[in-house]
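The values are calculated or read from the model by the stated rules, or taken from the named source; none is laboratory data. All of these numbers come straight from a predicted model, not from anything done at the bench. Note that each Cβ is placed from the backbone with ideal geometry, even for glycine, and that neighbours are counted across all protein chains shown. In case anyone asks, the SASA skips ligands and DNA or RNA and just uses the protein heavy atoms, side chains included. Shrake-Rupley method; radii C 1.70, N 1.55, O 1.52, S 1.80 Å.
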Amino acid sequence: MTYTQEQLNEIEYYASIYLPITDIAVILQIKPEDLRHDIHDENNPVFFSYHKGKATSKVQLHAQEMTLAKVGSPLALQNARNNLMDMEDDE
């Protein structure tokens, strides 16, 4: 399916607030299975819009957790350690 730039921007935004794919598809008036397929296709611009939206919010969450970890929050410290291990595993 071909998406407009406006739709790609919407997909990025909805992914950034962790809206489920089914709900995104309903809003865009497309079949959830079509959107899901396009999200998994690395050659489709939807792949990048969706994953960029998710990643942008993850950056914000990680930054907030790091801030809390630096002031001694035990849960934030553990989450920061887990984030570091995930990062190193991905290297």
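For this structure, a couple of remarks:
- Selection of the stretch 32-49 for residues being open to solvent by less than 50 Å² (accessible area, probe 1.4 Å) and part of a helix (DSSP H, G or I) yields Pro32, Leu35, Asp38, Ile39, Val46, Phe47, Ser49.
- The stretch 70-91: number of residues that are within 28 Å of Tyr13 (Cβ to Cβ) and either surrounded by 11 or more Cβ atoms within 10 Å (Cβ to Cβ) or of a type in the set (Ser, Thr, Tyr) (or both): 5
- The stretch 50-61 residues that are closer than 19 Å to Gln7 by Cα and surrounded by 15 or more Cβ atoms within 10 Å (Cβ to Cβ), paired with ones that are among the β-branched types (Val, Ile, Thr) and at pLDDT 95 or above (beta carbon under 6 Å, 6 or more apart): Tyr50/Ile11; Tyr50/Ile39
- Annotation: of all residues in the stretch 1-58 being in contact with a Leu (Cβ under 7 Å, 6 or more places away or on another chain) and small (Gly, Ala, Ser), the one that is farthest from Asp86 (Cα to Cα) is Ala25.
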